[in-house]
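Written out below as structure tokens is the structure these notes cover.
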Amino acid sequence: MCDEGETADRADAVRTESQKMESRAGETALDGSARSIIVLIVVGMLVGVLSGMFGIGGGTVIVPVLVWLGLSQRHAAATSMLAIVPTSISGVISYAHNGNVDWVAAALLSNAQSCYARAELEMTGLAGVLDDVIISSEEKIRKPARDLYMLALDREFVTAKHALMVGNDEQNDIVGARTAGIDGVYFRTEISPADDPETSSYAVRSFTGADYEGLLDYVLNA
């Protein structure tokens with residue numbers, strides 16, 4: 001067993017070593033000198049070139065260089081993470097300006113047989129437009145099961161309040177989506193179930209026929 005004196009000596013030794021490490025870190029940290037600034041500029045340019053040409057993450061280059069310049073490993077990693085924020089924002093703005101950001105994900109939920117549904121989607125060209133196709137025969141879940149709608153939310157990385165179900169079957173599409181907390185827009189079409197109402201009390205909006213213009217107007221102004 002250790003007596004109180006030995007324990008105190010060990011504690012003093014740990015404090016002394018910690019103070020020495022902090023002192024060394026303070027002596028070698030970036031001081032804003034011309035050399036440090038030039039090195040940082042070169043590193044920034046190098047990171048941009050490597051990331052653009054080869055997809056190498058900035059942290060792969062920035063962290064070792066910052067440690068070499070005198071920052072602690074923790075400070076270097078934190079600085080690298082902070083640098084991601086402006087570059088990420090500028091990247092999103094650039095891609096969005098060029099129309100390469102998909103702000104809205106469109107997924108199809110169908111109770112049809114996969115062998116028929118996928119072939120029809122290819123023939124109509126919709127396969128290349130939709131972000132995802134979820135078919136009950138493949139997932140072993142059928143609408144109006146809540147689990148199918150929850151699966152769609154998980155796969156598209158969206159929450160229920162940011163999703164909208166559009167369908168022409170009140171029970172399978174509108175009521176089913178509602179069990180998962182998803183709002184529904186109801187199209188009363190000629191292929192809707194015969195006993196479906198003209199307007200659905202469960203839907204946030206009902207249309208007669210496949211009124212896509214009305215749907216777009218609702219989405220843009222909701």
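The values are calculated or read from the model by the stated rules, or taken from the named source; none is laboratory data. None of the values given here were measured: they were computed from a predicted structure. Here the Cβ is made from the backbone with ideal geometry for all residues, glycine too, and neighbour counts use every protein chain on show.
Assorted remarks:
- Every pair of residues 6+ apart whose Cβ atoms lie under 7 Å, when the first sits in segment 104-130 and is assigned to a helix (DSSP H, G or I) while the second is surrounded by 13 or more Cβ atoms within 10 Å (Cβ to Cβ) and among the polar types (S, T, N, Q): Ser114/Ser137; Ala117/Ser110
- Residues of segment 171-200 classified as in contact with a strand residue (DSSP E or B) (Cβ under 7 Å, 6 or more places away or on another chain), not β-branched (Val, Ile, Thr) and not in a loop (DSSP other than H, G, I, E, B), total: 8
- Contact map, segment 158-169: first residue farther than 19 Å from Leu216 by Cβ, second residue surrounded by 20 or more Cβ atoms within 10 Å (Cβ to Cβ), Cβ cut-off under 6 Å, separation 6 or more or different chains; pairs are Ala160/Ile182.
- Restricting segment 137-170 to residues that are among the acidic types (Asp, Glu) and assigned to a helix (DSSP H, G or I), the residue that is surrounded by the fewest Cβ atoms within 10 Å (Cβ to Cβ): Asp154
- So Tyr218, is it part of a loop (DSSP other than H, G, I, E, B) and surrounded by fewer than 20 Cβ atoms within 10 Å (Cβ to Cβ): no
- Boolean, Asp154 is within 17 Å of Val133 (Cβ to Cβ) and under 23 Å from the mean Cα position of the chain (by Cα): yes
- Filter pass, Ile134 being outside any helix (DSSP H, G or I) and more than 22 Å from Tyr212 (Cα to Cα): no
- Scope segment 70-114; condition modelled with pLDDT of 75 or more, within 20 Å of Val158 (Cβ to Cβ), among the small types (Gly, Ala, Ser) and out of contact with any helix residue (DSSP H, G or I) (no Cβ under 8 Å at 6 or more places or on another chain); matching residues: Ala106
- Residue match in segment 185-194 (condition: within 26 Å of the chain's Cα centre (by Cα) and of a type outside the set (Lys, Arg)): yes
- In segment 201-210, residue surrounded by the fewest Cβ atoms within 10 Å (Cβ to Cβ) [restricted to those that are assigned to a loop (DSSP other than H, G, I, E, B) and in contact with a strand residue (DSSP E or B) (Cβ under 9 Å, 6 or more places away or on another chain)]: Gly209
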